[in-house]
Amino acid sequence: MERIGVISDTHLTVPDETLKRIVRVYFSQVDLIVHLGDYVDYRVAAYLMEQGEFMGVAGNMDPPEVRDTLPVKQVLKLGRLTVGLIHGWGPPHGLEEKILREFGEVDAILYGHTHKAVNHEKEGVLFFNPGSAHQSFMGKPSIGIL
């Protein structure tokens, strides 16, 4: 696996043209699509699952249908790397410390919830948040490619 398309906090009731464009333009050459929660409707998750290799977690705004299908956290093995996937919860202050405690030894944690793009290392762990594909609180909407 070489390229991962990372998206979070779509907050959609149906797959809209923006989401379809993201998949078509930015995720067409990825090996895996990862969604980090807050789809808001199962149809959005189902659409992404139909696009090829997919992993996702449920977020705090997701309905039971999403929560019954996707876990709230999971671990992805990429060769020698261990990557934690989680949405997050509560206020953004201290969130990275809280989500780090949710995992054992990991090389990276991909998370959402804050709608703010993040890409930095702390205590030997890469923290990566793609921001929100639709509702950024800190500038333009964003996605990520790893």
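The values are calculated or read from the model by the stated rules, or taken from the named source; none is laboratory data. Remember, predicted model here, so these are calculated numbers, not experimental data. Heads up, the Cβs are rebuilt from the backbone with ideal geometry, glycines too, and the neighbour counts pull from every protein chain shown. Heads up: the accessible areas ignore ligands, DNA and RNA and are worked out on the full protein's heavy atoms, side chains in. Shrake-Rupley method; radii C 1.70, N 1.55, O 1.52, S 1.80 Å.
Determine the pairs where a residue that is modelled with pLDDT under 95, located within region 29-57, has a partner that is among the aromatic types (Phe, Trp, Tyr) with Cβ atoms under 9 Å apart, the partner being 6 or more residues away or on another chain.
52/27
Considering 118, 44, which residue is in a strand (DSSP E or B) and either closer than 14 Å to residue 6 by Cβ or among the aliphatic types (A, V, I, L, M) (or both)?
118
Could you tell me whether any residue of region 90-99 is closer than 15 Å to residue 11 by Cα and open to solvent by 20 Å² or more (accessible area, probe 1.4 Å)?
Scanning region 90-99, I find no residue that is closer than 15 Å to residue 11 by Cα and open to solvent by 20 Å² or more (accessible area, probe 1.4 Å), so the answer is no.
Quickly run through region 100-138 and pick out the residues that are of a type in the set (Phe, Trp, Tyr) and open to solvent by less than 20 Å² (accessible area, probe 1.4 Å).
Those that are of a type in the set (Phe, Trp, Tyr) and open to solvent by less than 20 Å² (accessible area, probe 1.4 Å): 111, 127, 128.
Residues are listed down the side, and each one gets a yes or a no for (1) outside any helix (DSSP H, G or I); (2) within 22 Å of residue 129 (Cβ to Cβ); (3) without any contact (Cβ under 8 Å) to a residue 12 or more places away in the chain:
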residue: 5; (1), (2), (3): yes, yes, no
residue: 14; (1), (2), (3): yes, no, no
residue: 22; (1), (2), (3): no, yes, no
residue: 25; (1), (2), (3): no, yes, yes
residue: 65; (1), (2), (3): no, no, no
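Give the residues of region 5-28 that are under 15 Å from residue 39 (Cβ atoms), β-branched (Val, Ile, Thr) and open to solvent by 10 Å² or more (accessible area, probe 1.4 Å), sorted by residue number.
13, 14, 18, 22, 23
If you go through region 94-114 one residue at a time, do you hit one that is on the phi > 0 side of the Ramachandran plot and not aromatic (Phe, Trp, Tyr)?
Yes: one or more hits.
Could you list all residues from region 120-146 that are under 14 Å from residue 37 (Cα atoms), of a type in the set (A, V, I, L, M, F, W, C) and modelled with pLDDT under 95?
133
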